[in-house]
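J.: First the structure, which I've put down as structure tokens, then a few questions once you've had a look.
All of the numbers you see were taken from the coordinates with simple rules; none came from a lab. Everything quoted here is computed from the prediction, not taken from an experiment. So basically every Cβ, Gly included, is an ideal-geometry build from the backbone, and we count neighbours across all protein chains shown.
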Amino acid sequence: MRIIIIIITLFVNLQSFTKADDIRDFEIEGISIGDSLLDHVTKKEILENLLNYPYASDEYYAVNIRNHKFLKLYDAIEIYLKKNDEKYIIFSIDAANFYENKEECLNDMDEITNTISNIFNSQININKEKFKARGDHTGKSFYYRTDWVIGDRDYVAIECYFWSQYMKDEYNNGDHLRISATTKELNNWLQYEAFN
């Protein structure tokens, strides 16, 4: 009996060292792609926290959850769901923490990058590149991004956003670190349909 227990223990421990290649293996605040959001919040909470983004297509929609009991590491979480899906299956998860200090955000980004690199078989696709943030006509908002393409074009990304004073005053945007897990399906919709 003791040998069987030792073998089972070794097998379980060896599995924990296996790298993932499926986006559904990645959790943010205990939530994974493919889960039902109803496992974490009520339908009423979903309906009360809908985001009204000006998308041209309404095939998907976003829900923003803040100050919920399951949030332990992040200030807020944004979830994308498919219209008319009564199971509320998750297609994308974005979690964010807000920062007053730019260097602190970038340092946390580096730490999370190292952790994620140890989880997935995929190589980093983009490593801490700087981009201009869309939506700010002043051109003064920017972000840094690191991402991994997982499996069949799903992706995980980490970004540090730094908004211009105009965006902070006009839209109440805050500087933040965001970590995302997104399916290929939702990413295609965001790139080719949501804004067209």
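J.: Any residue at all in segment 124-134 that's on the phi > 0 side of the Ramachandran plot, charged (D, E, K, R) and in a strand (DSSP E or B)? Steps first, answer last, please.
T.: Of the residues in segment 124-134, the ones on the phi > 0 side of the Ramachandran plot are 128.
Keeping just the survivors that are charged (D, E, K, R) gives 128.
Checking which are in a strand (DSSP E or B) leaves us with 128.
Yes, because at least one residue in segment 124-134 is on the phi > 0 side of the Ramachandran plot, charged (D, E, K, R) and in a strand (DSSP E or B).
J.: Identify the residue in segment 171-194 that is charged (D, E, K, R) and either free of Cβ contacts under 8 Å to residues at least 60 places away in the same chain or not in a helix (DSSP H, G or I) (or both) and, among all such residues, is farthest from Lys102 (Cα to Cα).
T.: Looking only at segment 171-194, we keep the residues that are charged (D, E, K, R), and these are 175, 178, 184-185, 193.
Restricting the remaining residues to those that are either free of Cβ contacts under 8 Å to residues at least 60 places away in the same chain or not in a helix (DSSP H, G or I) (or both) gives 175, 178, 184, 193.
Working: Asp175: 8, Arg178: 13, Lys184: 30, Glu193: 33 Å.
Among residues in segment 171-194 that are charged (D, E, K, R) and either free of Cβ contacts under 8 Å to residues at least 60 places away in the same chain or not in a helix (DSSP H, G or I) (or both), the one farthest from Lys102 (Cα to Cα) is Glu193.
J.: Next up: Find the residue count for segment 33-80, including only residues that are of a type in the set (D, E, K, R), in contact (Cβ under 8 Å) with a residue 12 or more places away in the chain, surrounded by fewer than 17 Cβ atoms within 10 Å (Cβ to Cβ) and part of a loop (DSSP other than H, G, I, E, B).
T.: Result for segment 33-80: 4.
J.: If I go through segment 81-113 residue by residue, how many of them are in contact (Cβ under 8 Å) with a residue 60 or more places away in the chain, among the β-branched types (Val, Ile, Thr), under 23 Å from His40 (Cα atoms) and surrounded by fewer than 19 Cβ atoms within 10 Å (Cβ to Cβ)? Give the steps one after another, and end with the answer.
T.: If we filter segment 81-113 for residues that are in contact (Cβ under 8 Å) with a residue 60 or more places away in the chain, which is where we start, we get 91-100, 102, 105, 108-109, 112.
Among the residues that remain, those that are also among the β-branched types (Val, Ile, Thr) are: 93, 112.
With under 23 Å from His40 (Cα atoms) added as a condition, the list becomes 93.
Those still in the list that are surrounded by fewer than 19 Cβ atoms within 10 Å (Cβ to Cβ) too: none.
Residues that pass the stated criteria total 0.
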